[in-house]
Each structure stands twice: as structure tokens, then as C-alpha cells.
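The structure under discussion appears below in the form of C-alpha cells.
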Amino acid sequence: MLTFAVVLLIEYLLMTFRGVTSAEDIIFSYNDTVIAKADEKVILSCSYTGTVYDLFWYRQFPGSTLQFLIMESSGIITHATPQVPGITMTNKKDIRRMDLEISSASVSFSALYYCAVQ
């Protein structure tokens, strides 16, 4: 039986859409690199500080532009169109952390992942 390793990279990106950023607004990732076997569940996490209205996850394949995956605004989850299967997002407001869960990793999910806040 062959097993393929999937490398999922997570970076951080602070996006400001309103043009105002406080020095207190910080977002950071828990892991720089996540390595998973095919079909494993993977959770990517970022913490944030400051006043946050919207939370976003993007990914970028080598040589490509950013691809919107999912966002949360006022408790409402919005997926990309078309929706990327197997991706969910959780905002843990009490500990100021947002998680992106990939239910079943595959080689096609190998990319650079970005968490962002507004």
C-alpha cells in the first residue's frame, strides 16, 4: 500500500479592508508547516488580537494567485463558489483562535494557506 505525504503550509496575513489598523491588531499561526498522510484530518490554526469583524482563509498553489476558501462574519460562514469540499472553519472567540479543518487531506490540498482578519 502506498502512502502519500501531504505538506500543508500555513502563513499569516493581516488584511485591512477599512484602511485602519491598530498597532494591537496581530494575527499569527500556530504551525509554520503541517505534514499529513493522505486521508488524515488536518487542522490549521491562527490566533488574533484586537477588534476583529471578519475571519478569512485563503490558499495559494505554486505559481497561482490567492484562492478564497471560507470566511466567517457575525457568526455566518460563507464558502467559496464553487465550495471547496471537505473544508470547515471554526472561530473560537473565547480564546481568539480560528481553525481551518481539512477533513481528508490529499495531495491536491498541498498549498500555502493564509489566515486573515478584518
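The values are calculated or read from the model by the stated rules, or taken from the named source; none is laboratory data. Quick caveat, the model's predicted, so the values are computed rather than measured. No Cβ is skipped: glycine too gets one built from the backbone with ideal geometry, and neighbour counts run over all protein chains shown. Only protein heavy atoms, including side chains, enter the accessible area calculation; ligands, DNA and RNA are left aside. Shrake-Rupley method; radii C 1.70, N 1.55, O 1.52, S 1.80 Å.
Ligands, DNA and RNA left out, the 1.4 Å accessible surface of the range 22-118 is 54% carbon and sulfur atoms. Scanning residues 5 or more positions from LEU66 or on other chains, none has an amide H under 5 Å from its amide H, with H placed 1.01 Å from N in the peptide plane. Here the scattering of the range 37-111 is modelled by Debye summation over its C-alpha atoms, one equal scatterer each and no solvent; at q = 0.20, 0.21, 0.23, 0.26 Å⁻¹ the log10 of I(q)/I(0) is -0.92, -1.00, -1.15, -1.33. In terms of the mean number of neighbouring beta-carbon atoms within 10 Å, the peptides 86-93, 62-69, 41-48 order highest first as 41-48, 86-93, 62-69.
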